[in-house]
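Single-structure report; data block below.
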Amino acid sequence: VQLQASGGGLVQAGSSLRLSCATSGRSFSSYAAAWFRQAPGKGRETISCQKGKRDWTYYADHVKGRFIISRDNAKNSVYLQMNSLKPDDTGLYYCAAVPEGGYGCYGVVYDYWGRGTLVTVSS
């Protein structure tokens, strides 16, 4: 499975961005998908994830109410709508996927990763 993230850019605080992640795999509905972020000088963190049939979704506390993860299984794609962006949201955003194994989408090891897309939020 190959993943390609896009949609990053330089925006001002308070703006919105929509990240997209296109995958090459089939049966995308059987994969959990996630967005991770690596901020400058920090480790990678899970921003949001969702199981294949959208029956389980996770958001990091600091993005709840501002970010929305969605997916279009017919298009083998997952998205991250980011609203009310803050300078602290700056970082390299990665999408990732893993075949579901009867568990949630948070804290699992993701097998497939795309290259990151850079989001820079200026104050």
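The values are calculated or read from the model by the stated rules, or taken from the named source; none is laboratory data. Keep in mind that this is a model prediction, so the values were computed, not measured. Positions of Cβ are generated from backbone atoms using ideal geometry, with glycine treated the same way; all protein chains shown enter the neighbour counts. SASA here: full protein model, heavy atoms, side chains in, ligands and nucleic acids out. Shrake-Rupley method; radii C 1.70, N 1.55, O 1.52, S 1.80 Å.
So the values come out like this:
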{"quantity": "Calculated from backbone phi, Karplus (6.51, -1.76, 1.60) coupling profile of region 89-95 in Hz, x at Gly/Pro", "calculated": "7, 4, x, 8, 9, 10, 9"}
{"quantity": "Region 56-103 and region 1-32: distance between their alpha carbon centers, rounded to Å", "calculated": "8 Å"}
{"quantity": "Longest site-free stretch - the chain; sites: trypsin sites (Lys or Arg not before Pro), DSSP loop, at most 14 other Cβ within 10 Å", "calculated": "65-123"}
{"quantity": "Residue-by-residue Karplus 3J(HN,Hα) for region 9-14, coefficients 6.51, -1.76, 1.60, Hz, glycine and proline x", "calculated": "x, 9, 9, 8, 4, x"}
{"quantity": "Solvent accessible area, Å² - residue 100, 1.4 Å probe, full protein context", "calculated": "70 Å²"}
{"quantity": "Whole-percent pair-distance distribution, where bins are 10 Å wide, for the alpha carbons of the chain", "calculated": "15, 50, 29, 6, 0"}
{"quantity": "Amide proton proximity set for residue 90, modelled H, under 5 Å, gap of 5+", "calculated": "121"}
{"quantity": "Heavy atoms of residue 68: accessible area, 1.4 Å probe, square angstrom to 10", "calculated": "90 Å²"}
{"quantity": "Accessible carbon and sulfur surface of the chain relative to its total accessible area, %, 1.4 Å", "calculated": "47 percent"}
